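Please read the structure below before turning to the comments.
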Amino acid sequence: MTQAIETTRSAAATFTGLKCKECGTEYEAKAIHVCEECFGPLEVAYDYAQLRRTVTRESIQAGPNSIWRYRSFLPVESEHPIDVGTGMTPLLQANRLARRLGIKRLFIKNDAVNMPTLSFKDRVVSVALTRARELGFTTVSCASTGNLANSTAAIAAHAGLECYVFIPSDLEAGKVMGTLIYSPTVMAVHGNYDQVNRLCSEVANTHGWGFVNINLRPYYSEGSKTLGYEVAEQLGWQLPDHIVAPLASGSLFTKIYKGFQEFVKVGLVDDKPVRFSGAQAEGCSPIAQAFAEGRDFITPVKPSTIAKSIAIGNPADGVYALELARKTNGNIESVTDQEIIDGIKLLAETEGIFTETAGGTTIAVLKKLVEAGKINPDETTVAYITGNGLKTQEAVQGYVGEPFTIEPKLDSFERALERSRTLDRLEWQQVSV
Amino acid sequence: MAVKVLIPTPLQKFTRDQAAIECNGGNISELLDSLEQGFPGIKARLCDDQGELRRFINFYVNSEDIRFLEGKNTALNEGDEVSIVPAVAGG
């Protein structure tokens, strides 16, 4: 349905080019991602003076019910970007989870139900593939821990682009199936994500493909800013006090910050300090380790965790995530695989949201921060849930209950009901209330 | 020690558009000097003013990140493959 919505705004681009985040060297807005001078990452630069003049709360609200309502802040020129209904996911006030944790004002930004492939990656891919089409690519590709693969394959199918996907060979079955169904060519690489990424970096420029997370990275990563814009808009055009988000490469975390800052810069929200806290799995926590040790550099690690979607041992934006958490008086914490499973269950049982391992990591870290007194109970806190639990069922297999198998007879049902109540009582005795 | 070095796109203008070159060096430090001899200017792109490898560059010897080996002192053997790869995001 969103396809039918006409974009009436001007086709003129609001971005002016690419700029190195480290040394400031400027480049044309082409398919390049690193600075030739210093290898720093390239960022999209915008004409904020123009945005300040042309964008209002009303003009945003009059736009489509998707990330493209923020089109002026995204690096595309097309009159008709690829709009598959991505974004504008629920911001849920999580009262039951808040009470359980002992805080007062908690919100869940629920990208477990983002469209079309149930993770935040649909945001970045919608932007990357729109830009890929503008740059003349007919084939797109990615290196992925699963969610990005799902999203790239699905949106490429919708846009009629040829698609090649590279994944580690040990991914969860749901993530592999959720890619294959769209009929891309899938390369399952013997190795971890960092090795897949290295291979793709070597492939990237040899076949003339648009790799969403490599040569299209400056455009791709801008899509994550919409997670900042939406939360600000959904809170009634205000910024929260504290956000908690998962850290893999660190890109999402820094782009939420950029989104908030841009809204302040163009006058859409009032400025205020927002604390940024990051979540990692203990089995892959290079950024959390650097934070704990007070280092300003990241030492890569070899991942070993059930949280495969965030198992990046060599995080490209790790140093920026580290700086951001320190600068905003936030924290970066890690949790064990068991705590991640408990986090998935806690969110499901209190709020009715089934998230994947990355979300379990975020909830477990949120809990840990509250228990350590690192989240003020009165702060408006937003936890970002970035993926869906149906894709990583292996992670909770054996940790959830089983159905009572019964005969189609009343007495069979009554016996099972009695048994379930007994089990419930036993469970309650174990929980300290 | 003759080793094969894979050159990332941003540096290929130094290597006359070659994506792979043969080079010599007993370890990564020596390899960097040898690269600079063959392709003047390339070392300054890879190392900062203190001579340390820039933080957004990854070096791999036979697919292993040199930070898991001996860093710049990682020894090179005849026929090894060295990849120079800029950091990339994703997930």
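Among the residues making up the range A:8-64, those that are surrounded by fewer than 19 Cβ atoms within 10 Å (Cβ to Cβ), under 20 Å from A:R131 (Cα atoms) and among the polar types (S, T, N, Q) are A:T8, A:S10, A:T16. Just one of the listed residues (A:Q289, A:Q280) is surrounded by fewer than 21 Cβ atoms within 10 Å (Cβ to Cβ) and of a type in the set (S, T, N, Q), namely A:Q289. Just the residues that are within 14 Å of chain B (Cβ to nearest Cβ), closer than 16 Å to A:A288 by Cβ and either part of a strand (DSSP E or B) or hydrophobic (A, V, I, L, M, F, W, C) (or both), please, taken from the range A:305-357. Within the range A:305-357, A:A307, A:I310, A:A311, A:I312, A:V319, A:A321, A:L322 qualify. When the range A:194-223 is limited to residues that are in contact with a helix residue (DSSP H, G or I) (Cβ under 8 Å, 6 or more places away or on another chain), of a type in the set (G, A, S) and not in a helix (DSSP H, G or I), the one that is farthest from A:I32 (Cα to Cα) turns out to be A:G223. For the range A:272-292, the count of residues that are within 13 Å of chain B (Cβ to nearest Cβ) and polar (S, T, N, Q) is at least one. When the range A:176-193 is limited to residues that are away from chain B (no Cβ under 12 Å) and in a helix (DSSP H, G or I), the one that is surrounded by the fewest Cβ atoms within 10 Å (Cβ to Cβ) turns out to be A:M177. Selection within the range A:119-156: residues that are part of a loop (DSSP other than H, G, I, E, B) and closer than 15 Å to A:S221 by Cβ. The member of this set that is nearest to the other protein chains (Cβ to nearest Cβ) is A:S144.
Check whether at least one residue in the range A:169-182 is under 27 Å from A:K19 (Cβ atoms) and polar (S, T, N, Q), and report yes or no. No - not one qualifying residue is present in the range A:169-182.
From the list A:R419, A:R415, the lone residue that is basic (K, R) and modelled with pLDDT under 95 is A:R419. When the range B:69-91 is limited to residues that are outside any loop (DSSP other than H, G, I, E, B) and at the interface with chain A (Cβ under 7 Å from one of its Cβ atoms), the one that is farthest from A:L252 (Cα to Cα) turns out to be B:S83. Filtered by the rule that a residue be touching an Asp or Glu at 6+ places or on another chain (Cβ under 7 Å) and assigned to a helix (DSSP H, G or I), the range B:1-44 gives B:P10, B:I42, B:K43. Looking only at the range A:224-238, residues that are in a loop (DSSP other than H, G, I, E, B) and buried (at least 22 other Cβ atoms within 10 Å of the Cβ) come to 1 in all. Of the residues A:Y70, A:Y27, A:Y46, the single one that is within 14 Å of chain B (Cβ to nearest Cβ) and modelled with pLDDT of 95 or more is A:Y27. Counting the residues of the range A:26-73 that are in contact with a strand residue (DSSP E or B) (Cβ under 9 Å, 6 or more places away or on another chain) and among the hydroxyl-bearing types (S, T, Y) gives 3. B:V88 falls short on exactly one of the conditions (1) more than 10 Å from the chain's Cα centre (by Cα); (2) at pLDDT 90 or above; (3) buried (at least 19 other Cβ atoms within 10 Å of the Cβ), and that condition is (2). When A:G87, A:G102 are checked against the criterion of being of a type outside the set (K, R), surrounded by fewer than 24 Cβ atoms within 10 Å (Cβ to Cβ) and away from every other protein chain (no Cβ under 14 Å), A:G102 stands alone in meeting it.
The values are calculated or read from the model by the stated rules, or taken from the named source; none is laboratory data. Keep in mind it's a predicted model, so treat the numbers as computed, not measured. No Cβ is skipped: glycine too gets one built from the backbone with ideal geometry, and neighbour counts run over all protein chains shown.
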